[in-house]
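Before any comments, here is the structure.
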């Protein structure tokens, strides 16, 4: 330590203190930057690898926290001084030594792996001159990138700063380091029988995108060769198999790719008994030699007849399957904005851009790569070569002619995997010499190597089409255009080469409409109706389609319903899909909050006339090309009922007039009389069912018509509390007698409305249901539980059903509804509480989930604190909280469920007016588990509110207790505004116990390196105890 700079007395005292006090140590390293401390800190062991923190298990199993090593910001500041030249370069070697020692120490030790440490190391390395570290040192980066935790920050430093800087520097040793780093950042690893880039693909793509020219200019072919080998690794398939028939025997032939050889396994397929396997091992050879070897084995060893015509192409397909990975989609359809998860697609984009850039500046090197690709067994690389040749024109066109002259030309000229790349290349050829014309015509006229015509397909036609496809791409050359036309006379069709798999596209919506909204508005209704009857979908994908036309009608009807209602009769023979959408648009307009009026006479007349025909009930108006929806007459019944409901929900200008209610009623009665189906299967929850089922919509519409009529005739029908038409009541009675499931759900869900219309009838129905079949009882009560507003008289009438349901209902969703009902009765005192009241019976016998639901119910009521019943309601909440604390939360040892319940009681703290001796105990218990169950931010917000209530000193004592308890399990850092407000309040209270607690809170935060309160502390002149 010859460079040890002496410390003065004060500085030595600081060093002594940080050696023994963790909080002071953390604070020191956050602030220090002077180089004079470096060797003193090194001598004291602060830079020792065994001090590097590893991951620590979080509260949630399987998760970790990654603490920051406190020395790292200081080391980074030293590296910044080296970069600026204000610090001797010898310290750079010290930093390299620290990074090397720590990485070596941590290598292979998951318990020390920390991506924050690796991030700082990468930042430090970026600041150091490249001459001082070796290629071998960069092996450390491999360890940083192999962290089991997210390495995005590391890769961003390498790709945004380190590698570009090395390339810009341009010296041979700098470029070699850059190449090594490029190799490291593009490292791949196996995942579920596939491979992925180890580093974040986003940063890899961004790096190559921004530095493409620099990479091609400075780097050797090693970058492309390395990336090529990784793509090949991604493409590798270990096995391929195919069933092939030899005479009367069928064999499953499996081809395995081993490191240096092929293993071929023949398994005879026999339904009656297991047959032995036959195996043969071959050298890794090309497809032609492979076919010959297998043919020889089949003939000589298996003693089976090998037919070249029947079997050769099957063996070729087996071989081809092993090497065809990644070749289906055209490279011309490849998306430049690649998925961050698709390593092959990303590598394809990078390779393509590198080779295209190389064609501009280093074409000779590019030729070397493309020749290798054209000779590859992997179809992917042949495909890439054709793609680059096709895009670069004359630069590489000679490579195509070279390959076309070889016996291996069928690999690209007769492969469906590369058809689109071949098509683009052929289109770009020209002008051709006579020799070239003869060569390419010879290859086309030779025809395909193997004919893949399906059974029964005309083989000559198949071959003619194959030739015609290739000539199509050469039609810019007169001789080949003439040959194309000649072949077309034979095939009778236009054809072209195309991708094996087209570009994947999605469609949102229904395609385009043949009419715009403006055109619909301008067209007379009779003309429009005729158009709707005649129009058929032109193109299911791009349009125009009937579905898109129907949506246009819906939009027009919503904005201008009078377009249809002024002459609705024109559409009496229009298809279901269009009528449904017209009525849907009108129904949506009814629900808009505007003051427009509605022509109800026209709407009701149309519904009556349209639905009272045999064509309607026989589904004759179903559109033949309505493939998206297949709308039938049930759709019209449903939307008609929804219109009637919308027209009777509110008493405004849009409501059905009094003189039209009888017509509305008759429509529903008619629908009910025609409906043959008694019950529909209930596949959703009961409320969703009645909102969507035909019977649910019919009965709901009838009920709302009754309510609208009752409100209009309020004075007349007030006598005897019977406010509805007896015919409607009779209809409901009939549905009950027929045991139509929906009527029980509707009755339960709208029970308050039925009480309004006829209380005595409704009560008798409830009494009857208590003695009825359990299934219908359940349907009724399930519907009733969905009521959000609960009335006292109904609540009391339902007591027996509530009590029975406490033990009978087990479904989670319905128990939550039951909890809300019983908590409502308790909270609003709808049924005076007794020791055995419904509410306490429920919570005493209920599950943990039931108790959570009650807590959530009360928590959602806290906005009522300002009402006149505040004190009474607060007492109710505290009564429950006290019961929960005494019966569950205070029982030791606490179960995980009890801890979660305790944490959730934080939500009840909104009802605390000011903290007292009882509530502080409840809050302390909640604070202990608030962080674990993600409620600490709520508790902090509530404490900030409570600090301004009650006696200042006593309140501060209580709040300090709760705050301190919270720190036993976590160090809350959010919301900082509330935290600082609480701390500022505490430090401003002149009380010894509060001061001690505040000192302790400050120390805990500082020990963890969190300085959130330091300015408040210093402002109050409070000092940390030595």
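The values are calculated or read from the model by the stated rules, or taken from the named source; none is laboratory data. Worth saying up front: this structure is predicted, and the values here are computed from it rather than measured. Methodologically, a virtual Cβ is constructed for each residue, glycine included, from the backbone with ideal geometry; neighbour enumeration extends over all protein chains shown.
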For residue 571, work out the one condition from (1) modelled with pLDDT of 95 or more; (2) surrounded by fewer than 21 Cβ atoms within 10 Å (Cβ to Cβ); (3) more than 35 Å from the chain's Cα centre (by Cα) it doesn't fulfil.
(2)
Considering the range 1005-1026, residues that are in a helix (DSSP H, G or I) and more than 17 Å from residue 18 (Cα to Cα), and then whichever is modelled with the highest pLDDT, we arrive at 1016
Test of understanding: among 117, 159, which residue is under 19 Å from residue 76 (Cα atoms) and either in contact (Cβ under 8 Å) with a residue 60 or more places away in the chain or not assigned by TED's automatic domain parsing to the domain that holds residue 42 (or both)?
117
Going through the range 969-990 one residue at a time, which ones are outside any helix (DSSP H, G or I), closer than 21 Å to residue 917 by Cα and either in the same structural domain as residue 58 (by TED's automatic domain parsing) or out of contact with any helix residue (DSSP H, G or I) (no Cβ under 6 Å at 6 or more places or on another chain) (or both)?
990
Given the conditions (1) buried (at least 17 other Cβ atoms within 10 Å of the Cβ); (2) touching a residue at least 24 places away in the same chain (Cβ under 8 Å); (3) over 39 Å from the mean Cα position of the chain (by Cα); (4) in a helix (DSSP H, G or I), every one holds for residue 1002 apart from (2)
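Among the candidates 793, 733, 773, 836, which residue alone is surrounded by fewer than 16 Cβ atoms within 10 Å (Cβ to Cβ) and modelled with pLDDT of 95 or more? Before you say what the answer is, go through the steps one by one.
Working: 793 fails: modelled with pLDDT of 95 or more; 773 fails: modelled with pLDDT of 95 or more; 836 fails: modelled with pLDDT of 95 or more.
Checking each option against the conditions leaves just 733.
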From the list 198, 193, 148, exactly one residue is at pLDDT below 95 and surrounded by 17 or more Cβ atoms within 10 Å (Cβ to Cβ). Which is it?
198
Kindly list the number of the only condition in (1) surrounded by fewer than 16 Cβ atoms within 10 Å (Cβ to Cβ); (2) free of Cβ contacts under 8 Å to residues at least 40 places away in the same chain; (3) touching a helix residue (DSSP H, G or I) at 6+ places or on another chain (Cβ under 6 Å) that fails for residue 616.
(1)
Counting only residues that are out of contact with any helix residue (DSSP H, G or I) (no Cβ under 9 Å at 6 or more places or on another chain) and under 12 Å from residue 143 (Cα atoms), which one in the range 79-130 is surrounded by the most Cβ atoms within 10 Å (Cβ to Cβ)?
110
Residue 678 being modelled with pLDDT under 95, closer than 22 Å to residue 782 by Cα and surrounded by fewer than 21 Cβ atoms within 10 Å (Cβ to Cβ)
yes
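With respect to residue 611, determine if the residue is out of contact with any strand residue (DSSP E or B) (no Cβ under 9 Å at 6 or more places or on another chain) and free of Cβ contacts under 8 Å to residues at least 40 places away in the same chain.
No, not satisfied.
Which ones in the range 803-814 are assigned to a helix (DSSP H, G or I) and more than 30 Å from the chain's Cα centre (by Cα)? Before you say what the answer is, go through the steps one by one.
Here is the first cut: in the range 803-814, the residues assigned to a helix (DSSP H, G or I) are 803-808, 812-814.
Within the range 803-814, 803, 804, 805, 806, 807, 808 meet the criteria.
In this structure, does residue 358 turn out to be under 30 Å from residue 192 (Cβ atoms) and part of a helix (DSSP H, G or I)?
On the way: under 30 Å from residue 192 (Cβ atoms): no; part of a helix (DSSP H, G or I): yes.
The answer is no for residue 358.
Given 133, 74, which one is in the same structural domain as residue 16 (by TED's automatic domain parsing), farther than 30 Å from residue 9 by Cβ and at pLDDT 95 or above? Don't jump to the end; show me each part of the working.
Values: 74 fails: farther than 30 Å from residue 9 by Cβ.
Exactly one of 133, 74 is in the same structural domain as residue 16 (by TED's automatic domain parsing), farther than 30 Å from residue 9 by Cβ and at pLDDT 95 or above, namely 133.
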Every residue in the range 424-457 that is within 42 Å of the chain's Cα centre (by Cα), without any contact (Cβ under 8 Å) to a residue 60 or more places away in the chain and surrounded by fewer than 15 Cβ atoms within 10 Å (Cβ to Cβ), please.
454
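Kindly check whether there is at least one residue in the range 749-761 that is in a helix (DSSP H, G or I), at negative phi and in contact (Cβ under 8 Å) with a residue 60 or more places away in the chain. Lay out the reasoning, then the answer.
Here is the first cut: in the range 749-761, the residues in a helix (DSSP H, G or I) are 749, 751-757, 759-761.
Add one more test, that the residue is at negative phi, and what stays is 749, 751-757, 759-761.
Retained after the next criterion (residues that are in contact (Cβ under 8 Å) with a residue 60 or more places away in the chain): 749.
Yes, the range 749-761 contains a residue that is in a helix (DSSP H, G or I), at negative phi and in contact (Cβ under 8 Å) with a residue 60 or more places away in the chain.
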A careful count of residues in the range 598-608 that are farther than 24 Å from residue 552 by Cβ and surrounded by fewer than 18 Cβ atoms within 10 Å (Cβ to Cβ) gives 3
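Only residues that are more than 37 Å from the chain's Cα centre (by Cα) and closer than 14 Å to residue 643 by Cβ: list them for the range 576-608, please. Can you show your working first?
First, pick out the residues of the range 576-608 that are more than 37 Å from the chain's Cα centre (by Cα): 594-608.
Passing the criteria: 598, 599, 600, 601, 602, 603, 604, 605, 606, 607, 608.
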Run down 892, 887, 876, 918 and say which single residue is more than 38 Å from the chain's Cα centre (by Cα) and assigned to a loop (DSSP other than H, G, I, E, B).
892
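Is it the case, given these coordinates, that residue 666 is at pLDDT below 95 and not in a loop (DSSP other than H, G, I, E, B)?
Values: at pLDDT below 95: no; not in a loop (DSSP other than H, G, I, E, B): yes.
No: the conditions fail for residue 666.
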Just wondering, is there one or more residues in the range 474-490 that are under 45 Å from the mean Cα position of the chain (by Cα), touching a residue at least 40 places away in the same chain (Cβ under 8 Å) and either outside any helix (DSSP H, G or I) or under 24 Å from residue 331 (Cβ atoms) (or both)?
no
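Do we find a residue being closer than 26 Å to residue 197 by Cβ and under 33 Å from the mean Cα position of the chain (by Cα) anywhere in the range 402-423? Spell out the reasoning first.
Our first condition is that a residue be closer than 26 Å to residue 197 by Cβ; within the range 402-423, this holds for 417-418, 421.
Still in the running and under 33 Å from the mean Cα position of the chain (by Cα): 417.
The answer is yes, given that some residue of the range 402-423 is closer than 26 Å to residue 197 by Cβ and under 33 Å from the mean Cα position of the chain (by Cα).
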Could you go through the range 390-398 and let me know if any residue there is crowded, with 22+ Cβ neighbours inside 10 Å and part of a helix (DSSP H, G or I).
yes
